[in-house]
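The values are calculated or read from the model by the stated rules, or taken from the named source; none is laboratory data. Note that this is a predicted model, so its numbers are computed, not measured. Note: ideal-geometry Cβ built from the backbone for every residue, glycine included; neighbour counts use all protein chains shown.
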Amino acid sequence: MESLQNVFDRFSDVIGKITATLMILLLINVFYDVVARYFFKSSSIAFQELEWHIFASMFLLGIAYTLKEEGHVRVDILYEKLSDKNKAWINSLGCIFFLLPFCGLVIWYGYDFTLESYSLNEVSGDPGGLSHRWLIKAMIPLSALALIFSGLGMLIKNLRCIFEKDI
Amino acid sequence: ADKVYRLKLAETWGPNFPVFGDSVKNMVKMAEEMSNGRLKIRVDSANKHKSPFGVFDMVKIGQYDIGHSASYYYNGKVPNTLYFTTMPFGMTASEQYAWFQYGGGQELMDEVYSAHNLVPFPGGNTGVQMGGWFRKEINTVEDLKNLKMRIPGFAGEVLAKLGATPVNIPPGELYTSLERNTIDALEWVGPSLDLRMGFHKIAPIYYMGWHEPATELMFIVNKKKLETLPADLQAILKVAMRKASYDMYVQSYALSAENWAVMKTEFPDIQVKTFPPAVLSAMKKANDEILEEKASNDPMAAKIIKSQQDYLKLVRVWTDISEYGYIKSTKELAK
Amino acid sequence: MIGIIMFGVALVLLLTGFPVAFVFAGVALIFGVFAEGFELFAFMPYRIMSIMENSIMMAVPMFIFMGNVLQKTKLAEQLLEAMGQLFGRVRGGVAVSTILVGCLLAASTGVVGASVVAMGVISLPVMLKYNYDKKLATGVICASGTLGQIIPPSIILIILGDVMGVPVGDLFRAAVLPGAILVGAFILYVLIYAYFKPEAAPALPESEFSGPGGFAPYLVAFKAIAPPLVLIFSVLGSIFYGIATPTESSAIGGAGAILLALLYKQCSWKILWESSIETVKVTAMVFAIFIGATAFSMVFSYTGGEELIEELMFSLPGEKWGFLIITMLVILVLGFFIDFVEISFIVVPMLYPIAEMMGIDLTWFAILIAMNLQTSFLTPPFGFSLFYLKGVAPPEVKTMDIYKGVIPFIGLQLLVLASIVVFPGFYGFE
Ligand code: NA
Ligand code: NA
């Protein structure tokens, strides 16, 4: 089980590296657009659209990495007083009944949403905008899939805490 | 008792959005009254479904039965939807209605939308939209170069061809961006909706329109759903939509006239200008080049553009000697 | 009815300590499927897409990045200490500086999440280091982080202008004085609190100020004052000089922070990379809450939540003062549970025609509502500012500290709100 958890955790780490890179690209992208428009009197709708493409990919994928890093905020009024085992119970049940099925639904409907865009070969409605709109729409089911992997890592970790005697 | 049919309608606009939203409310009310309560339509505004530009998709897949939106919003998805709202240098509202109903326009629109399980109908007209609020005068084509303007879509493409810089800015930041010179100009709608945005206080030059002479909204109905309605209710729905669209045109006309009177008395400094002939003809040339390119890439686009241009040639001669001729010859007397 | 049960269940499940974002999503899932079936969730991709396309929200990661760079390069500490010195060696100096930095961020965007989180990253560690009371520190950050709502440019004023048909420019102008008074009230409160409870907001220790004699102290002071100046210039200047839109100014802020780090020879790839990773974590935390919340509000409104609120509004009294007071109370209470955008769209369209009929100045009414809705970010249990700050705070800061910390500031906001109601003339209304 430990090795399986490691697989999921390493996957989340890779996602983390990708999103951190996206963050730096976002800053460069927006800064470049400002400089180009103000100092060089030129602006590209494609680059302006790229801003929110990078931004959205970053935060969507980042949700999976943040789960593995324990970065999602909790109301800890009671939680902090619980034993590790009880915490693990809450996390496992929450994962099974909330997190994983919700991601499943987002993937289910997000896939149709993306497929529709792909089959129409959807592009930006603005002239000079980006083509292949399905790519950014695909980030919705993909990020939910990444969150499932990350969630499975979290589930295994918490199940081990409950059922493996000494860790 | 008679069976009650309940339909769900998604609109692109927020709740209580003036004019556009009124058209929907009007249609729903008429449909319910004419059907003696057998047709009930629930209206969900953008704050509820959260997807103003997802109306096409949501009606297509059946999450909603009816949509109220504008056709050209969907040209990234289905390129030929572009032609059924308004075209720069194109027909006026009365000319365009004539084209829709007696010049083959509706049939062409049906053809474009039927591939997506949708039945489209005109949804109300704003009349001529204004060319926008500018901070500085446009005297030559040269002045368009480096003009930073918020003007989305096809018209933005026309200006870009002449060296302007179309900028995408979320509506919530338009006021601050115009005030701080981040952009030099922007277009919104016309007096009916511009007044409350307050642009006239920071950009005093109001240019007359060229890019949207007759913006027509649309109703779209999910085809399968429409066919499940009894024949009389289908007819009632269609009549309600047609009547509502005409009413919106009338309402826009009235409201624009009223709001313009308010603007002119409360803010006498607003300068209304037309673009100089040289600028307009450069825009027209750029416009025609883009249309030609679109026509050469897509036979259906070619068919629609030709239909519109032929009809404009036919109808404009009549407009010239009827409404325009009348207005011109009696202009001085009307004062 | 389902709406009310949903809120109750969400409240209970939030207390289990499972992450907030997924509790919202999970409750939405259970109630949505139960009441409307799986099909309802076909809306989810559209709703997520509208969050993705909302480019105003881009300010969130970029201000957080700015905060992280400033914090990791120790420039944040220097910045706040330098500003603390501006107020002499008074107690509460860092808290006052925090309020002023919050003011600065507020004047460059109207995105509350961005301000609260950036301030949490920048100034919470400094205040904790100097032994500030956790409740005071978190209260100050949450409250000054929400200033973006009232200090223009502000999203809520733009929405209200749109819904009520009042020119946005008028609202922006009308909001300046109330915003300034609110900032003044926060500062005054901190100073008084620190005077009576010195251990809650200690002055910086003497050692922080010692230095060599001659010209050197001026140089030290200048070096300390320069960073805030560069940052103020880059963020606000870029909007005022029309270089960038309010959202883009956050990128200028991020770039400005890197520039500062370079100037002070504190910049390295390692710091940039770590700042970036930290930024992703916090941004994803914030947006996960957005996604969970949009699922929640979807189920709430598609199961008749709006009708529920509408019924509530019908019971409002029909004369001016009663109407005003009850309206403010209802919005305040709704603000405990519902997002401000929802309130502006559902409730305000029903209220303003009545207000107009009673001869109430709509600009004044809009400012009252905006002030009131600003409070909704701070009110437990669903105050989003509280969640944002908890997400960046070190583990020793408990949710309870934050809940308790914001209470005096909620009181201050209501006090200023009441003053606008009672003395409209002073604020330039009517
Ligand atoms: Na603001
Ligand atoms: Na709240």
* Structure fact -> When the range C:251-276 is checked residue by residue, the ones that are farther than 19 Å from residue C:235 by Cβ, away from chain A (no Cβ under 11 Å) and over 27 Å from the mean Cα position of the chain (by Cα) are C:265, C:266, C:268, C:270
* To do: Taking residue B:272 as the residue in question, decide whether it is out of contact with any strand residue (DSSP E or B) (no Cβ under 9 Å at 6 or more places or on another chain), surrounded by fewer than 16 Cβ atoms within 10 Å (Cβ to Cβ) and on the phi < 0 side of the Ramachandran plot.
  => no
* Starting from residues that are facing chain C (nearest Cβ under 9 Å) and touching a residue at least 40 places away in the same chain (Cβ under 8 Å), keep the ones in the range A:15-28 and report whichever is farthest from residue A:55 (Cα to Cα). => A:16
* Under 6 Å by Cβ, and 6 or more places apart or on different chains, what pairs join a residue from the range B:232-257 that is among the β-branched types (Val, Ile, Thr) with one that is not in a helix (DSSP H, G or I)? -> B:236/B:35
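The rows are residues; the columns are (1) over 30 Å from residue A:22 (Cβ atoms); (2) of a type in the set (D, E, K, R); (3) within 8 Å of another protein chain (Cβ to nearest Cβ); (4) crowded, with 22+ Cβ neighbours inside 10 Å.
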| residue | (1), (2), (3), (4) |
| --- | --- |
| C:21 | no, no, yes, yes |
| C:36 | yes, yes, no, no |
| C:53 | no, yes, yes, no |
| C:63 | no, no, no, yes |
| C:77 | no, yes, no, no |
| C:81 | yes, yes, no, no |
* Please indicate, with yes or no, whether at least one residue in the range C:89-104 is at pLDDT 85 or above, in contact with a Leu (Cβ under 7 Å, 6 or more places away or on another chain) and within 14 Å of another protein chain (Cβ to nearest Cβ). => no
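Residues are listed down the side, and each one gets a yes or a no for (1) on the phi > 0 side of the Ramachandran plot; (2) under 18 Å from the mean Cα position of the chain (by Cα); (3) in a helix (DSSP H, G or I); (4) surrounded by fewer than 23 Cβ atoms within 10 Å (Cβ to Cβ):
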{"position": "B:10", "(1), (2), (3), (4)": "no, yes, no, no"}
{"position": "B:24", "(1), (2), (3), (4)": "no, yes, yes, no"}
{"position": "B:32", "(1), (2), (3), (4)": "no, no, yes, yes"}
{"position": "B:47", "(1), (2), (3), (4)": "no, no, yes, yes"}
{"position": "B:59", "(1), (2), (3), (4)": "no, no, yes, no"}
{"position": "B:62", "(1), (2), (3), (4)": "yes, no, no, yes"}
{"position": "B:73", "(1), (2), (3), (4)": "no, yes, yes, yes"}
{"position": "B:100", "(1), (2), (3), (4)": "no, yes, yes, yes"}
* Check on residue C:10, under 29 Å from residue C:156 (Cα atoms), assigned to a helix (DSSP H, G or I) and of a type outside the set (D, E, K, R) -> yes
* Asked: Among the residues of the range C:387-430, which ones are outside any helix (DSSP H, G or I) and either within 14 Å of chain A (Cβ to nearest Cβ) or surrounded by 22 or more Cβ atoms within 10 Å (Cβ to Cβ) (or both)?
  -> C:393, C:394, C:395, C:396, C:397, C:398
* Asked: Do we have any residue at all in the range C:357-366 that's within 14 Å of chain A (Cβ to nearest Cβ) and charged (D, E, K, R)?
  -> no
* Please verify whether the range A:156-163 includes one or more residues that are touching a Leu at 6+ places or on another chain (Cβ under 7 Å) and in a helix (DSSP H, G or I). => yes
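Rundown of residues vs (1) away from ligand 2 (no atom under 16 Å from the Cβ); (2) buried (at least 24 other Cβ atoms within 10 Å of the Cβ), yes/no style:
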site	(1), (2)
C:100	yes, no
C:105	yes, yes
C:110	yes, yes
C:113	no, yes
C:128	yes, no
C:131	yes, no
C:180	yes, no
C:187	yes, no
* Starting from residues that are outside any loop (DSSP other than H, G, I, E, B) and at the interface with another protein chain (Cβ under 10 Å from one of its Cβ atoms), keep the ones in the range B:139-158 and report whichever is surrounded by the most Cβ atoms within 10 Å (Cβ to Cβ). => B:158
* Name, by its number, the condition in (1) away from ligand 2 (no atom under 16 Å from the Cβ); (2) more than 16 Å from residue C:185 (Cα to Cα) that does not hold for residue C:155. => (1)
* To do: Look at the range C:140-149 and say how many of its residues are among the hydrophobic types (A, V, I, L, M, F, W, C) and away from ligand 2 (no atom under 16 Å from the Cβ).
  => 3
* For the range B:185-202, state whether one or more residues are within 14 Å of chain C (Cβ to nearest Cβ) and at pLDDT 90 or above. => yes
* Can you name the residue in the range C:319-356 that is within 16 Å of ligand 2 (Cβ to nearest atom), among the aliphatic types (A, V, I, L, M) and more than 14 Å from every other protein chain (Cβ to nearest Cβ) and, of all such residues, is farthest from residue C:167 (Cα to Cα)? -> C:333
* Asked: Of the conditions (1) surrounded by fewer than 20 Cβ atoms within 10 Å (Cβ to Cβ); (2) in contact with a Lys or Arg (Cβ under 8 Å, 6 or more places away or on another chain), residue B:174 fails just one. Which one is it?
  -> (1)
* May I ask you to verify whether residue B:126 is away from chain C (no Cβ under 14 Å), touching a residue at least 24 places away in the same chain (Cβ under 8 Å) and within 23 Å of residue C:166 (Cβ to Cβ)? => yes
* For the range C:312-321, does any single residue satisfy the condition of being buried (at least 21 other Cβ atoms within 10 Å of the Cβ) and more than 16 Å from ligand 1 (Cβ to nearest atom)? -> no
* To do: For the range C:81-98, indicate whether the set of residues that are within 16 Å of ligand 1 (Cβ to nearest atom) and not small (Gly, Ala, Ser) is non-empty.
  => no
* **Qualifying positions in the range A:88-139 - free of Cβ contacts under 8 Å to residues at least 24 places away in the same chain and more than 30 Å from residue A:50 (Cβ to Cβ)** => A:90, A:93, A:94, A:97, A:98, A:101
* Kindly check whether there is at least one residue in the range C:279-296 that is more than 14 Å from chain A (Cβ to nearest Cβ) and in a helix (DSSP H, G or I). => no
* **Which listed residue is closer than 27 Å to residue A:134 by Cβ and either away from chain A (no Cβ under 14 Å) or without any contact (Cβ under 8 Å) to a residue 24 or more places away in the chain (or both), from B:33, B:107, B:11** => B:11
* Asked: Among (1) modelled with pLDDT of 95 or more; (2) under 21 Å from residue B:113 (Cα atoms), which single condition is residue B:294 missing?
  -> (1)
* For the range C:376-386, does any single residue satisfy the condition of being within 18 Å of residue C:342 (Cα to Cα), crowded, with 24+ Cβ neighbours inside 10 Å and free of Cβ contacts under 8 Å to residues at least 60 places away in the same chain? -> yes
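Results for (1) more than 8 Å from every other protein chain (Cβ to nearest Cβ); (2) under 25 Å from residue A:141 (Cβ atoms), shown as yes or no for each residue.
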site	(1), (2)
A:30	no, no
A:33	no, no
A:41	no, no
A:53	yes, yes
A:57	yes, yes
A:60	no, yes
A:66	no, yes
A:86	yes, no
